[in-house]
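Data first, discussion second: the structure below is written as C-alpha cells.
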Amino acid sequence: MPGKFKKIFSAPVLITLVSGCFVAVAVAGLAIYWFVVPKLPSIESLREVQLQVPLKIYTKDEKLLSEYGEKRRAPLDINQTPKTLINAVLAAEDDRFYEHYGVDPKGLLRAVAYLIRTGEKGPGGSTITMQVARNFFLSRERTYLRKLNEILLSFKIERELTKNEILELYLNKIYLGNRSYGFAAAAQVYYGKTLDEMTAAQIAMIAGLPKAPSAYNPIINPERALQRRNYVLSRMHELGSLADEEYQTALNTPDDSELHGLRVEVDAPYVAEMVRAELYDRLGEDAYTQGYKVYTTVDSRLQNAANNALRKSLLEYEERHGFRGPEANVDLSQISENDESAYRAVLSDYRSVNKLWPALVVNVEDKAVKVYQSRHGYIKIEWDGLKWARPWNGDGKDPGDEPSKATDFLKAGDIIRIVKTKESKGDEPDIWKLAQAPRVEGALVSLSAHDGSILALVGGFDFEKSKFNRVIQAERQPGSNIKPFNYSAALEKGYTAASLINDAPIVFDDPGLESTWRPENYSGKVYGPTRLRNALINSRNLVSIRLLRAIGIPYAIEYLQKFGFRRESLPRDLSLSLGSAAITPLELVTGYAVFANGGYKVEPYFIDRVETADGVVIMRANPLVVCDRCEPDADEGAPPAEQVLLTQTNLSGENLPGDNIIPENTALLVPVNEDPNDPALNVNGESQAISTIRQRTAKRIVPAQNIYIMNSILRDVIKLGTAKGALVLNRGDIAGKTGTTNDQQDAWFSGFNPDVVATAWVGFDEPQTLGNNEFGGRAALPMWIDYMEEALKGLPEPAIETPPGLVTVRIDPESGLLVGAGFPGAQFEIFRADTVPKSLDEEPAVIDLDSGETEPAKATENIPEQIF
C-alpha cells in the first residue's frame, strides 16, 4: 500500500472516522427520537378508523335501489375474505408480510436487484404495512422525510396492530381505479361480482391493481393489465398458492372485465333521489361517507309494476299519435357490410332510454326490417311491430294514414329505437317492436291507505333524461279529479246522493274571473235535472259548478284543506269546481287515501328506518296509522289512542315497558338508539331499547257515513261511468275518479281499494293538448289498471262495513224522492237517517243498513232545496 494511503488509514484516523460515524448516527437517532417520533400520528386511530362507505338505499324488502358517495366501497372482514384473494395480494405486493416487522430488508434488496436488472420498480420495495401507513397518514409527496416517516410509522403500526388487522385495513383502503376503494368494490366495478364469485384469474387481475391503478387498469389498458395479471398468477404459482393445473387454467383464461354500474335490484331513481336529499338535509356530507343504510317503504314488486305500467301507457300514447321518424341517418356505403364494430361505433353515441334500445337499420323489406343493436346483435322486426307507425302530424294532433310497407317510413342507415315485447321461450326468438322515446310525460304514485307509506313512485319516463320528479314537483290542474272532494263537502252541508241539480247552460260574470265564463260538459250536451250520484258518475261539469256555488267557495276551500290541499293552491272562484287548482300527484293521492281508509288523514312518507353501517337503527318512521278501534266511540275496553304503542324490543324479542316515550306529535322520522352495545341500554346484563315510539293515531277528518256514500258513488264511476275500463280487474272493492283539464292538457285517474290507493297522471311538461279523446279514462286509467292488477294480486276483497246511521230507500230516479215498493223503475239509494228525502206519493219503506230492519220511512225537512 503506498505511503500516503497508510497515513490515511492509520489507526488513529480510522478510530476518528468510526467515532465520527458513530456520533453522527447517534445524533441522527436522537434527532429522530426527539423531533420525528413525537410527531408521528397515534396508531389508536387506526383501530377506530371510519372508512368512507357510501350511502345505500333499499326497498322495504331489502333490495338495493341506489348508492351515493364519491368512493365505492364494500368493507371486508378479514375472516370472511377468500383465501385466494389474500394469497394473490401477498404474492403481488408483499409475500413476506407475515415474517417482517413492517420493513422488509430482503424485499428492499430484491427490489434494488430487480431495478438494476429491468430498469423498472419491482416487488418488495414497499411492504403492505408501509402502504397502510402511507394511505392513512401521509401525503403523496416524494421526499426523504416522508419516506422516513413511512418507515417509522410502519414499525409503530406493527407494534400496536396484529398482522390481520393491518391486512384488513389494506384490503379495504387501497384505491383500485374507477372510484373503487378496496377489493370488494373492485370486484363489483370490474366484474359485477362478489369476491366469492370470482375466479383465480379475475382475482389476480384486481390484485395487480394497487401498484398502478391506471396503468394496469383492464378497461383502459387491457394488454398491460393482462401482463400484470399473468405476473401475479406466476408469483402465486411460485409461492405454492396455485397448483400447476389451476395456474395453467387461469393463465389461459381470457379477461372478461368491463365497467359495471351499481348492482341495482329495483329501478326507482326518483325515490332514491328523494331519500338522498332527505338524508343530506339531516346529516350533511356524512350521509355519503358513513355507510348509512336507508330502508324505504317501497315494495319492490309494486315498484316494478309501477315502472312497467307508466312505460307501457306512455308508449301506447306515442303509438296513437304517430311515428316522428328516425333519430338520425348514417351513410352505410362508407361501412363494410356486416362490420359489427363499425355498427357499434355508430350506436355508441346513443344510450338506451328506459329499455328503448338504439338500433341501426341495415336492411328494409316491404313488411319487415333488419336492425343491428350493440347488445343484442342482429334483430328482425316483423310487420306487427311496425304497422303502428303512421306519420306524425304534431303533438296532440291526429296522425296520418296507416302505412302499407316499411319503406314508407324507414330506410337503411336509419337510427331508431326498438323495444322487446316478448321474451324468447325455447326455440322461439324474442319479439321486438319499433318504438320512439316519448315526448309526453307521466307520473304514478301509490300509498298504503292505512299509514300513508309510499308503496311505489315513478316521477317520469326516464330519470337520466329528466330528473324533474313530477310526483312531488309538478303542480298541475287536477280537472275532475277534484270533484269527489267538493261532493263530499256538499254531503256535509246536507245534500244527498239523490239531490237534484239542474244540468243546463250557465254563464257567469264572475268578478274572480277575467272574462265571461261559459262552461260546458265535455260532451257539449246538457241533461237537465240530475241526481248528485249520476252527476259524479258521469263527471257533469255544469252540475259541479252549481253545487259549488250552492255550498259556497269559502266553505269548500276550508273543507278541501282537511284532505291536505294547500290553501294557496286552491282558486277562490267557481273554477275550483272543475279542478283549476295547482296540485301535485302526491297531494291528490294523499287526499284519495282518506276515501280509501274510511275518513282518516294520513301523511305520505317514504323512509322506514335509517341504520348505521353496523346495523344500529338511528332513525325510524313514526307515521300516522289508521286505528278504527281507537276512535272515541269504539267498543269499551279498546285502548285510547295515546296508549297504543309501537314498542322496541329487547334482544329476546320481548316487549319492553313503555317509559321514555317519544311525544305523540313528534316528527315523522324520529331519532332512536337501538345499539345493543351502548352501556346506557344495558340493564342487569340485558340489552334494552332506550326509547319507545308512541304510535301516532290518524285523526278522522270526514264522518264514516259521508265516506261510505262517497265510496258507493266512486265505485259506480267504475261500474257505470267514465272509468268502466277498470271493470277488467273484476273486483267489486275498487273505486275512483277520472280527471281531464281544458283542451286535454292533463289526464288523471285516482282510485283505490281499502288497502291501496294510486294516482296516475299523463301530460306534457310544457302544458299543451294531449290530443282528441285523450281523456283521463283513455290516457291515465290504463296506467292505473296495469299497476293495480299487480298491487291487488292475491288480496281478497275485504267486506265493506256499513257505519251506523245510514239507511237505504227506494227513490224515483227522476225526482230523487221516496217511493214505494211497487213504483216502476225505482232505485235504491243510501242516505243518512237525518237526510231521507220527502215521499213522492205512498208511504215508502226504509232499510236500516246497520241493522237490516225494514220500517216506514220518515222524511226529513233539514235538507237543501233542489238546485235549478
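Of the numbered conditions (1) within 21 Å of His321 (Cβ to Cβ); (2) in a strand (DSSP E or B), Glu766 fails exactly one; give the number of that condition.
The failed condition is (2).
Name the residues in segment 711-734 that are aliphatic (A, V, I, L, M) and part of a helix (DSSP H, G or I), would you? Working first, answer last.
Just the residues of segment 711-734 that are aliphatic (A, V, I, L, M), to begin with: 713-714, 717-718, 720, 723, 726-729, 734.
Matches in segment 711-734: Ile713, Leu714, Val717, Ile718, Leu720, Ala726, Leu727, Val728, Leu729.
Just name the residue that is surrounded by the fewest Cβ atoms within 10 Å (Cβ to Cβ) out of those in segment 264-316 that are within 22 Å of Lys793 (Cα to Cα), in contact with a Ser or Thr (Cβ under 7 Å, 6 or more places away or on another chain) and of a type in the set (Gly, Ala, Ser).
In this case the residue turns out to be Ser300.
What number of residues within segment 516-532 satisfy the criterion of being farther than 23 Å from Pro813 by Cβ, surrounded by 16 or more Cβ atoms within 10 Å (Cβ to Cβ) and modelled with pLDDT of 80 or more?
Of the residues in that region, 1 qualify.
Quickly run through segment 157-177 and pick out the residues that are touching a strand residue (DSSP E or B) at 6+ places or on another chain (Cβ under 8 Å) and not in a helix (DSSP H, G or I). Steps first, answer last, please.
If we filter segment 157-177 for residues that are touching a strand residue (DSSP E or B) at 6+ places or on another chain (Cβ under 8 Å), which is where we start, we get 172-175.
Passing the criteria: Ile174, Tyr175.
Kindly indicate whether Val543 is in contact with a Lys or Arg (Cβ under 6 Å, 6 or more places away or on another chain) and of a type in the set (A, V, I, L, M, F, W, C). Talk me through it step by step, then tell me what you get.
Details: in contact with a Lys or Arg (Cβ under 6 Å, 6 or more places away or on another chain): no; of a type in the set (A, V, I, L, M, F, W, C): yes.
So Val543 fails the test.
Touching a residue at least 12 places away in the same chain (Cβ under 8 Å), among the aliphatic types (A, V, I, L, M), within 19 Å of Arg311 (Cα to Cα) and touching a Pro at 6+ places or on another chain (Cβ under 9 Å): which single residue out of Ala791, Ala760 fits that description?
Going through Ala791, Ala760 in turn, the sole match is Ala760.
Is one or more of the residues making up segment 428-447 over 25 Å from Asn304 (Cβ atoms) and open to solvent by 10 Å² or more (accessible area, probe 1.4 Å)?
Checked segment 428-447: no residue is over 25 Å from Asn304 (Cβ atoms) and open to solvent by 10 Å² or more (accessible area, probe 1.4 Å).
Determine whether segment 139-161 contains at least one residue that is at pLDDT 85 or above, open to solvent by less than 10 Å² (accessible area, probe 1.4 Å) and farther than 16 Å from Ile203 by Cα.
For segment 139-161, residues at pLDDT 85 or above, open to solvent by less than 10 Å² (accessible area, probe 1.4 Å) and farther than 16 Å from Ile203 by Cα: absent.
Within segment 379-391, how many residues turn out to be open to solvent by less than 80 Å² (accessible area, probe 1.4 Å) and farther than 10 Å from Leu434 by Cβ?
Adding up the residues that qualify gives 4.
Just a yes or no: is a residue in segment 810-831 in contact with a strand residue (DSSP E or B) (Cβ under 9 Å, 6 or more places away or on another chain), surrounded by fewer than 24 Cβ atoms within 10 Å (Cβ to Cβ) and among the hydroxyl-bearing types (Ser, Thr, Tyr)?
Yes.
Please specify each residue of segment 566-607 satisfying the condition of being part of a loop (DSSP other than H, G, I, E, B), open to solvent by 10 Å² or more (accessible area, probe 1.4 Å) and of a type in the set (A, V, I, L, M, F, W, C).
Answer for segment 566-607, where residues must be part of a loop (DSSP other than H, G, I, E, B), open to solvent by 10 Å² or more (accessible area, probe 1.4 Å) and of a type in the set (A, V, I, L, M, F, W, C): Ala582, Phe606.
Among the residues of segment 782-825, which ones are hydrophobic (A, V, I, L, M, F, W, C), touching a helix residue (DSSP H, G or I) at 6+ places or on another chain (Cβ under 9 Å) and closer than 15 Å to Ile709 by Cα?
Hits for segment 782-825 are Ile800, Leu806, Val807.
So, in segment 752-790, of the ones that are open to solvent by less than 10 Å² (accessible area, probe 1.4 Å) and of a type in the set (Ser, Thr, Tyr), which residue ends up nearest to Leu302 (Cα to Cα)?
Within segment 752-790, the match that is nearest to Leu302 (Cα to Cα) is Tyr787.
Confirm whether Lys420 is open to solvent by 50 Å² or more (accessible area, probe 1.4 Å), within 34 Å of the chain's Cα centre (by Cα) and touching a residue at least 60 places away in the same chain (Cβ under 8 Å).
For Lys420, the condition - open to solvent by 50 Å² or more (accessible area, probe 1.4 Å), within 34 Å of the chain's Cα centre (by Cα) and touching a residue at least 60 places away in the same chain (Cβ under 8 Å) - is met.
A quick yes/no check of all residues on (1) within 21 Å of Pro399 (Cα to Cα); (2) in contact with a strand residue (DSSP E or B) (Cβ under 9 Å, 6 or more places away or on another chain):
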{"site": "Gly751", "(1), (2)": "no, yes"}
{"site": "Val756", "(1), (2)": "no, yes"}
{"site": "Thr759", "(1), (2)": "no, yes"}
{"site": "Val762", "(1), (2)": "yes, yes"}
{"site": "Pro767", "(1), (2)": "yes, yes"}
{"site": "Asn772", "(1), (2)": "yes, no"}
{"site": "Ala779", "(1), (2)": "yes, yes"}
{"site": "Tyr787", "(1), (2)": "no, yes"}
{"site": "Leu792", "(1), (2)": "no, yes"}
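How many residues are open to solvent by less than 50 Å² (accessible area, probe 1.4 Å) and either among the aliphatic types (A, V, I, L, M) or assigned to a helix (DSSP H, G or I) (or both) when one looks only at segment 200-235?
Looking only at segment 200-235, we keep the residues that are open to solvent by less than 50 Å² (accessible area, probe 1.4 Å), and these are 200-210, 212-213, 215-218, 225, 228-230, 232-235.
Okay, now just the ones that are also either among the aliphatic types (A, V, I, L, M) or assigned to a helix (DSSP H, G or I) (or both), so 200-207, 209, 212, 215, 225, 228-230, 232-235.
Total meeting the criteria: 19.
Yes or no, residue by residue, for (1) out of contact with any helix residue (DSSP H, G or I) (no Cβ under 9 Å at 6 or more places or on another chain); (2) within 22 Å of Ser180 (Cβ to Cβ); (3) among the aromatic types (Phe, Trp, Tyr); (4) in a loop (DSSP other than H, G, I, E, B):
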site: His237; (1), (2), (3), (4): no, no, no, no
site: Tyr247; (1), (2), (3), (4): no, no, yes, no
site: Thr253; (1), (2), (3), (4): no, yes, no, yes
site: Glu258; (1), (2), (3), (4): no, yes, no, yes
site: Arg263; (1), (2), (3), (4): no, yes, no, yes
site: Val266; (1), (2), (3), (4): no, no, no, yes
site: Tyr270; (1), (2), (3), (4): no, no, yes, no
site: Met274; (1), (2), (3), (4): no, no, no, no
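Looking at segment 212-237 only, could you name the residues that are of a type in the set (D, E, K, R) and in contact (Cβ under 8 Å) with a residue 24 or more places away in the chain?
Scanning segment 212-237 gives Arg229, Arg235.
Considering only residues that are crowded, with 21+ Cβ neighbours inside 10 Å and of a type outside the set (A, V, I, L, M, F, W, C), which ones fall in segment 73-93?
Listed by number, the residues that qualify are Arg73, Thr84, Asn87, Glu93.
Restricting to segment 329-350, what's the tally of residues that are under 35 Å from the mean Cα position of the chain (by Cα) and either of a type in the set (Phe, Trp, Tyr) or open to solvent by less than 40 Å² (accessible area, probe 1.4 Å) (or both)? Working first, answer last.
Looking only at segment 329-350, we keep the residues that are under 35 Å from the mean Cα position of the chain (by Cα), and these are 343-350.
With the extra rule that they be either of a type in the set (Phe, Trp, Tyr) or open to solvent by less than 40 Å² (accessible area, probe 1.4 Å) (or both), the set shrinks to 343, 346-347, 350.
So the answer is 4.
Out of the residues in segment 432-478 that are β-branched (Val, Ile, Thr) and either over 18 Å from Trp784 (Cβ atoms) or part of a loop (DSSP other than H, G, I, E, B) (or both), state the one that is nearest to the chain's Cα centre (by Cα).
Step by step, filter segment 432-478, then rank; the result is Ile472.
Does any residue in segment 389-405 that is hydroxyl-bearing (Ser, Thr, Tyr) come within less than 9 Å, Cβ to Cβ, of a residue that is modelled with pLDDT under 95 and open to solvent by 40 Å² or more (accessible area, probe 1.4 Å) six or more places away or on a different chain, and which pairs are these?
Here the result reads Ser404/Asp366, each pair linking segment 389-405 to a residue that is modelled with pLDDT under 95 and open to solvent by 40 Å² or more (accessible area, probe 1.4 Å).
Report yes if some residue within segment 351-372 is among the hydroxyl-bearing types (Ser, Thr, Tyr), surrounded by fewer than 18 Cβ atoms within 10 Å (Cβ to Cβ) and touching a residue at least 12 places away in the same chain (Cβ under 8 Å); otherwise report no.
no
Do you know which residues across segment 317-328 are assigned to a helix (DSSP H, G or I) and open to solvent by 40 Å² or more (accessible area, probe 1.4 Å)?
Answer for segment 317-328, where residues must be assigned to a helix (DSSP H, G or I) and open to solvent by 40 Å² or more (accessible area, probe 1.4 Å): Glu319, Arg320.
What tally of residues in segment 533-565 results from selecting those that are part of a helix (DSSP H, G or I), more than 16 Å from Leu491 (Cβ to Cβ) and open to solvent by less than 50 Å² (accessible area, probe 1.4 Å)?
Taking segment 533-565 and keeping what is part of a helix (DSSP H, G or I), we get 533-537, 541-551, 553-561.
Filter once more, keeping what is more than 16 Å from Leu491 (Cβ to Cβ): 541-542, 545, 549, 553-554, 557, 561.
Now restrict to residues that are open to solvent by less than 50 Å² (accessible area, probe 1.4 Å): 541-542, 545, 553, 557.
Looking only at that region, the number is 5.
If you go through segment 498-515 one residue at a time, do you hit one that is within 26 Å of Tyr592 (Cβ to Cβ), among the charged types (D, E, K, R), in a loop (DSSP other than H, G, I, E, B) and open to solvent by 60 Å² or more (accessible area, probe 1.4 Å)?
no
The values are calculated or read from the model by the stated rules, or taken from the named source; none is laboratory data. Keep in mind that what you see is a predicted model, and the values were worked out from it rather than measured. Don't worry about glycine lacking a Cβ; one is built from the backbone with ideal geometry, like all the others, and counts go over all protein chains shown. To get the accessible areas, we keep the full protein, side chains included, count just its heavy atoms, and leave off ligands, DNA and RNA. Shrake-Rupley method; radii C 1.70, N 1.55, O 1.52, S 1.80 Å.
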